[in-house]
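The values are calculated or read from the model by the stated rules, or taken from the named source; none is laboratory data. A quick note: this is a predicted structure, and the numbers were derived from the prediction, not measured. So basically every Cβ, Gly included, is an ideal-geometry build from the backbone, and we count neighbours across all protein chains shown. Keep in mind that these areas ignore ligands, DNA and RNA; they rest on the heavy atoms of the full protein, side chains included. Shrake-Rupley method; radii C 1.70, N 1.55, O 1.52, S 1.80 Å.
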Amino acid sequence: MPHNIAVLGSTGSIGTQTLDVISQFPDRFKATVLAAGSNVDMLVSQALRHRPALAVIADERRYAELRDALAPHGIETAAGAEALADAMERPDFDTAVTATVGYSGLLPTVRAIKAGKQIALANKETLVVAGELITRLLAESPSRVIPVDSEHSAIYQCLVGEDPETVEKLIITASGGPFRTWTAEETARATAAQALRHPRWTMGAKITIDSATMLNKAFEIIEARWLFGVPSERISAVVHPQSIVHSMVEFKDGAVKAQLGIPDMHLPIRYALGDASRLPSAERGLRLSDYASLTFEEPDEVKFPCLKLARLALDKGGNTACVINAANEVAVAAFLEGHITFDGIYRAITDALSHIPFVQAPTLDDYVQTHHATIGYTLDSLSRTSH
Ligand code: NDP
Ligand code: MG
């Protein structure tokens, strides 16, 4: 019997690579639910190829196209965020790959955990927005999270067989993004086209901009704190431009374990889908002699102030990281549209942090409310300042 999988965000960078892995192991995996945002053409072609039981489109305006294309093939269809979250309770899959972008991952992931599904977690924003709540829900559910994010997959792999009490430190590697060697002044004025040119990874637009500001690394520190239960003062980021060492764990005896590989998300996706097992790869592996040197350097928190937001979010707790995430979603979209400058992203986040009320112990409703209040505030604030 194949392992049945729901792919949330099937038309994106992680989603399409997940479907590659599923196609490579047809006896092992079957996509039974596919969900996308608005790209109905790609969703239809994926559905005709993978024959899921259900295809969901978040954008309700595209529903008729989806239904008309798939009904003749006996594939069930649905539309809207609510339908996507409802689909998490279906009995016809065991693992949800959460690969939608931003806040949209939160509510379906909550529902999937409540329904006892396994989670292959790509959508790090779920843990950024509501890490404490998700950790609590996981403690009461048979669900287990296996990270897809390459750094967290690396740490997970390094921890296998180790006593968690012996962990001294998690060391998350960062490529440094496209502006690693630029001056602070050049970086502040960078355009969207320049920020979208990531040196190592091809990813969706939002995470590519987050990598350029290095907020992605701050998010990954927050993600690691919740996934591995290690306090933020024992999680650090190190810049490693070659992106071969995917992250490291230092133990109390001084040993440091690392996971290495070429920068290719298929590996962490295979590992997560295979329930932390090592499925064979048809691709050429890592040839260390291709790399004259592997280098490591301290990240520059002056040039990349977003990095400091991880410590702030974890020290202050409550809804702080939820505010950071929502303000960033608005600011990144505004930057991509050319409405604000690159350094305006950080300013938009700090502005929202000083205006949105702090909630010490948020419920799920508080997170939802904080998210929407921050989106509204930041849209208003940017429209006042950018024109
Ligand atoms: P993409 O932008 O490439 O894809 C996003 C996917 O989510 C698309 O399928 C999109 O559909 C769908 N989507 C967007 N909005 C919604 C919504 N409101 N409801 C339902 N579906 C929606 O992103 P990535 O694949 O790059 O990233 C996905 C997640 O994985 C992010 O959280 C990112 O941080 C994380 N991640 C990504 C990595 C990568 O290498 N790409 C590495 C590590 C983590 P449509 O195409 O129709 O718009
Ligand atoms: Mg990553």
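Got a sec to turn the phi values of the stretch 51-57 into Karplus ³J(HN,Hα) couplings, 6.51 cos²θ - 1.76 cosθ + 1.60 with θ = phi - 60°, whole Hz, x for Gly and Pro?
Calculated HN-Hα couplings, in order: 6, x, 6, 9, 10, 10, 10 Hz.
Using the heavy atoms of the protein chains alone and a 1.4 angstrom probe, what is the accessible area of the chain per residue in square angstrom? Mind dumping the intermediate values first?
On the way: 16660 Å² over 387 residues.
About 43 Å² of surface per residue is accessible.
Compute the FRET efficiency between Ser236 and Ala292 as 1/(1 + (r/R0)^6), taking r as their Cβ-Cβ distance and R0 = 35 Å, and round to the nearest 0.05. If you can, show how the numbers build up before the last one.
Numbers: r = 26 Å, r/R0 = 0.74.
E between Ser236 and Ala292, to the nearest 0.05, is 0.85.
Filter the chymotrypsin sites (Phe, Trp or Tyr not before Pro) in the stretch 326-387 to those in DSSP coil with at most 16 other Cβ atoms within 10 Å of their Cβ, and list the result.
On the way: sites: Phe335, Phe342, Tyr346, Phe358, Tyr367, Tyr377; in loops: Phe342, Phe358.
Within the stretch 326-387, the qualifying chymotrypsin sites (Phe, Trp or Tyr not before Pro) (loop, at most 16 other Cβ atoms within 10 Å) are Phe358.
Could you work out [θ]222 nm for the chain from helices alone, using -39500 (n - 2.57) per DSSP H run of at least four and dividing by all its residues? Round to the nearest 500 deg cm²/dmol.
-13500 deg cm²/dmol
When ranked by the protection proxy of mean other Cβ atoms within 10 Å per residue, highest first, what sequence do the peptides 85-97, 283-295 form?
Working: 85-97: 19.2, 283-295: 9.1.
Ranked by mean Cβ neighbours within 10 Å, highest first: 85-97, 283-295.
Please give the contour-minus-distance gain from Lys169 to Arg144: 0.36 nm per residue of separation, less the Cα-Cα distance, rounded to one decimal in nm. Don't skip to the end; give the middle numbers.
Working: separation 25, 0.36 × 25 = 9.00 nm, distance 2.26 nm.
Gain on stretching Lys169 to Arg144: 6.7 nm.
If packing is taken as the average number of other Cβ atoms within 10 Å across a peptide's residues, how do 310-319, 256-265 rank, most packed first?
Details: 310-319: 18.8, 256-265: 17.3.
Listed from highest to lowest mean packing, they are 310-319, 256-265.
I'd like the carbon and sulfur percentage of the solvent accessible area for the stretch 281-329, probe radius 1.4 Å, heavy atoms only, ligands and nucleic acids excluded.
Roughly 49 percent of what the probe reaches on the stretch 281-329 is carbon or sulfur.
To the nearest 20 debye, what charge dipole does the chain have about its Cα centre, counting +1 at the Cβ of each Lys and Arg and -1 at the Cβ of each Asp and Glu? Intermediate values should be presented prior to the final figure.
Details: 35 positive and 46 negative charges, 95 e Å.
Computed about the Cα centre, the dipole is about 460 debye.
Which of the aspartates and glutamates could a cross-linker bridge to Lys169, judged by Cα under 13 Å and excluding same-chain residues fewer than eight apart?
Here the aspartates and glutamates satisfying the reach criterion relative to Lys169 are Glu233, Glu250, Asp253.
For the stretch 238-290 and the stretch 329-370, write down the distance between their C-alpha centroids in whole Å.
The two parts, judged by their Cα centres, are 33 Å apart.
Where does the charge balance sit around Ala47 when Lys and Arg score +1, Asp and Glu -1, over other residues with C-beta under 14 Å from its C-beta? Provide the component values of the computation, followed by the final result.
Details: positive: Lys30, Arg49, Arg51, Arg62, Arg67; negative: Asp41, Glu65, Asp68, Glu76.
Around Ala47, the surrounding residues sum to +1.
How many percent of DSSP beta bridges within the chain run antiparallel, rounded to 5? Let's see the in-between values first.
On the way: 10 of 40 bridges.
Within the chain, antiparallel bridges account for around 25 percent of the total.
Output needed: percent of Cα pairs per 10 Å distance bin for the chain, bins running from 0 to the one holding the longest distance.
Answer for the chain: a P(r) of 5, 23, 33, 27, 10, 1, 0 percent.
Treating cross-link reach as a plain straight distance, find the aspartates and glutamates whose alpha-carbon is under 16 Å from the alpha-carbon of Lys303, omitting any fewer than eight places away in the same chain.
Within reach: Glu185, Glu186, Asp210, Asp343.
Over the stretch 213-334, calculate the relative contact order: mean separation of alpha carbon pairs under 8 Å at least 6 apart, over the residue count, as a percent.
Numbers: 95 pairs, mean separation 40.1, N = 122.
Relative CO of the stretch 213-334 lands at 33 percent.
Keeping the other protein chains in place, figure out the carbon and sulfur percent of the accessible area of the stretch 122-264, with a 1.4 Å probe.
Values: 2810 of 5390 Å².
In the stretch 122-264, the share of accessible area belonging to carbon and sulfur is 52 percent.
Quick one: 3J(HN,Hα) in Hz for the stretch 179-185, Karplus 6.51/-1.76/1.60 with θ = phi - 60°, rounded, Gly and Pro as x.
10, 3, 9, 7, 6, 4, 5
Can you give me the distance in nm between label points at Glu132 and Lys252, each placed 7 Å from the Cα along the Cα-to-Cβ direction?
2.8
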